[in-house]
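Structure, as structure tokens:
What follows is calculated from the coordinates using simple rules that are stated; it is not laboratory data. Note that the structure is predicted; figures quoted are calculated from it, not measured. Please note: Cβ atoms are built from the backbone with ideal geometry, for glycine as well, and neighbour counts cover all protein chains shown.
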Amino acid sequence: MFVSTALLVLKKDFAIEVRSREILYTTLLFALSCVLIFSIAFVKEGEPLLDAAAGILWIAVEFAGTLALGKTFERERYGETLRALLLAPAPRAAIYAGKMLGVVVLLAIAEVLLVPLVALLFHAPLFAQPLLLVALLAAGTLGFSIVGTLFAAMLVRARSRDVMLPILLYPMTVPVMIAGVRGTSALLQSPADTATAVMWIGLLTSLDVVFMTIALWTFEPLMTE
Amino acid sequence: MSKSGVSDFDSVQLLDVSRHFGRRRALAHVSLTARAGDILGLLGPNGAGKSTLIGVLATLVAPTSGEVRYGGQTAHALGSGLRRRIGLLAHELHLYPELSARQNLDFFARLYGVETGASVDAALDRAGLGDRGHEEVLGFSRGMRQRLALERALLHRPRLVLFDEPFTGLDDHAVGIVAGRLRELAASGAIVIIATHDLDLADGLVTRVALVRDGRLLLDEPAQAGLRARYRSVIAQAGHA
């Protein structure tokens with residue numbers, strides 16, 4: 001019941017996105033613009049600033065993710081469909097999980113474009129340890145999406161949601177961002193510091209478990225008015 | 001026992017229910033019973049607490065104090081299966097405009113564990129959208145959306161049917177269709193509760209009247225002819241009290 005409901009919500013979000021492509025295009029355009037602007041600032045005469053690539057990659061993911069979160073729940077606000085979802089006889093945490101998976105998929109698509117672009121513009125050897133990079137991005141994106149989806153759902157009926165979301169989200173995801181940036185920086189060293197990267201992946205995974213437990217536990221009471 | 005594992009209840013009872021949002025009192029000590037076959041009209045001016053009451057009955061809003069009993073049991077005791085027995089049609093239609101009418105119904109049918117083929121076809125026919133099921137809801141008129149939303153809310157054959165301002169923005173023909181559907185539901189044994197401020201539409205449709213103002217229940221009695229006059233008199237008395 002839990003998994004089937006979560007997948008049903010994910011499938012529904014996918015069907016809407018296939019028809020509108022609104023969130024995907026906005027998120028991608030924003031993420032790519034972000035990286036391009038940073039490349040203009042931080043690459044001088046073909047030489048990028050040392051270690052800038054890791055930070056810029058994660059900043060682009062976080063900013064694009066915030067945009068995607070806002071838009072995803074804006075869609076549920078229109079027509080009050082979030083209320084309809086909460087009224088369904090399914091575990092409310094499964095509704096949360098479905099929405100969260102949608103954000104993860106969207107950010108994963110953005111990252112597929114962002115990683116090669118950052119590697120190209122900042123001369124960063126991001127593909128030197130592809131598996132570790134994928135693990136870092138997966139764990140970091142999951143952590144960001146877990147916290148972000150909970151806050152975005154909580155704020156869906158708040159008048160100041162566009163202001164409140166970053167104010168709540170960014171401080172809470174600072175550990176995720178630090179771990180992501182540090183882990184990616186370790187992978188960009190020559191030779192790659194895989195032991196440090198693995199340590200950060202472990203920390204990110206632990207954060208994911210803690211965040212997910214709290215989110216699944218609190219979603220229902222938070223969403224009951 | 002129904003498919004949901006929740007017994008079909010014959011009544012829903014609000015027992016001394018209050019609800020505060022911060023310092024604002026939305027409901028104050030409301031006690032009310034609706035039974036199978038009733039069309040209970042929750043009447044009152046804007047901001048009276050009608051929508052909060054509907055939210056409490058739908059399990060979307062938790063009471064600050066008091067409790068709601070569905071056939072003698074609380075929502076907490078009945079668990080999420082209770083929601084399979086509740087249908088809600090609000091002023092906001094709970095539809096995804098980017099999806100087609102059929103996709104909307106398919107999605108909600110699956111969410112409620114209802115088989116999608118014949119039920120969805122029948123719902124589209126009842127909504128008068130049998131040949132337009134593949135079209136995006138975005139292109140529908142308000143009346144078409146409302147009819148679709150009504151069938152969406154009733155797809156899982158709920159026992160408790162809650163309507164919050166169901167007639168807003170509808171023409172006379174569409175109002176007639178919705179009102180007819182409400183009578184059918186009540187005749188089939190559902191508990192129907194409508195929150196509205198439109199006394200003309202409620203008059204002749206509802207079988208019981210509950211009048212709410214400032215979160216307080218001012219009146220709970222069988223409906224009689226001349227609803228508007230009765231409403232004015234009770235509001236005037238409450239104003240003098």
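Would you order A:37, A:109, A:201 from fewest to most other beta-carbon atoms within 10 Å of each residue's own beta-carbon?
Numbers: A:37 12, A:109 15, A:201 22.
Fewest-to-most Cβ neighbours within 10 Å comes out as A:37, A:109, A:201.
With everything on Cα atoms, drop me the angle between helix B:227-240 and the longest principal axis of chain B, reported from 0 to 90° to the nearest 10.
Roughly 40 degrees between the two axes.
Where does each of A:220, B:151 land when they are ranked from fewest to most other beta-carbon atoms within 10 angstrom?
Numbers: A:220 15, B:151 25.
Lowest to highest Cβ neighbour count: A:220, B:151.
Need one word for the protein assembly as shown: rounded, prolate or oblate. Basis is the Cα gyration tensor (sqrt eigenvalues a ≥ b ≥ c); a/c below 1.5 gives rounded, then a/b vs b/c decides. List each step's numbers first, then the result.
Details: a/c = 2.53, a/b = 2.20, b/c = 1.15.
Since a/c reaches 1.5 and a/b is larger than b/c, the shape of the protein assembly as shown is classed as prolate.
Using a Gaussian network model of chain A whose springs link C-alpha atoms within less than 10 Å, name the residue from A:170, A:25, A:78 with the highest mean-square fluctuation.
A:78
Within the range A:116-202, report the trypsin sites (Lys or Arg not before Pro) that DSSP leaves as loop and that have at most 12 other Cβ atoms within 10 Å. Mind dumping the intermediate values first?
Values: sites: A:157, A:159, A:161, A:182; in loops: A:157, A:159.
Here the trypsin sites (Lys or Arg not before Pro) that fit, given the DSSP loop and packing criteria, are A:159.
For B:149-156, what's the mean count of beta carbons from other chains sitting within 10 Å of each residue's beta carbon?
Values: counts 2, 0, 0, 1, 2, 0, 0, 2.
So the per-residue partner count for this stretch is 1.
Helix A:52-77 sits at what angle to the longest principal axis of chain A, using alpha carbons and giving 0 to 90 degrees rounded to 10?
It is inclined by approximately 10 degrees.
Where the eigenvalues come from the Cα gyration tensor of chain B, what are the semi-axes √(5λ) of the equivalent ellipsoid, largest first, in whole Å? Display every interim value, and only then the final one.
On the way: eigenvalues 176, 92, 51 Å².
Each semi-axis is the square root of five times an eigenvalue, giving 30, 21, 16 Å.
Report the Cα centroid-to-centroid distance between the range A:57-105 and the range B:37-80 in angstrom, as an integer.
Cα centroid to Cα centroid, the span is 27 Å.
Students often forget the sequence filter, so: which lysines lie under 28 Å Cα-Cα from residue A:71 once same-chain residues fewer than 8 apart are removed?
Excluding near neighbours in sequence, the set is A:11, A:12, A:99.
Among A:217, A:58, which comes first, then next, by fewest other beta-carbon atoms within 10 Å? It would help to have the intermediate numbers written out before the result.
Details: A:217 11, A:58 26.
So the residues, fewest neighbours to most, are A:217, A:58.
How would the range B:1-111 be classified by its alpha-carbon gyration tensor: rounded, prolate or oblate, with rounded meaning a/c under 1.5 and the a/b versus b/c comparison settling the rest?
Note, shape of the range B:1-111 comes out oblate.
Measuring from label point to label point, each 7 Å out along Cα→Cβ, what is the residue B:25 to residue B:11 span in nm?
Between residue B:25 and residue B:11, the label points sit 2.7 nm apart.
Taking the range A:2-223 on its own, what percent of its Cα-Cα pair distances exceed 22 Å? Kindly include the intermediate steps, with their values, before the conclusion.
Values: 12356 of 24531 pairs.
Counting every Cα pair in the range A:2-223, those more than 22 Å apart make up 50 percent.
Could you check how many percent of all C-alpha pairs in the range A:116-214 are farther apart than 19 Å?
Values: 2311 of 4851 pairs.
Of all Cα-Cα distances in the range A:116-214, 48 percent exceed 19 Å.
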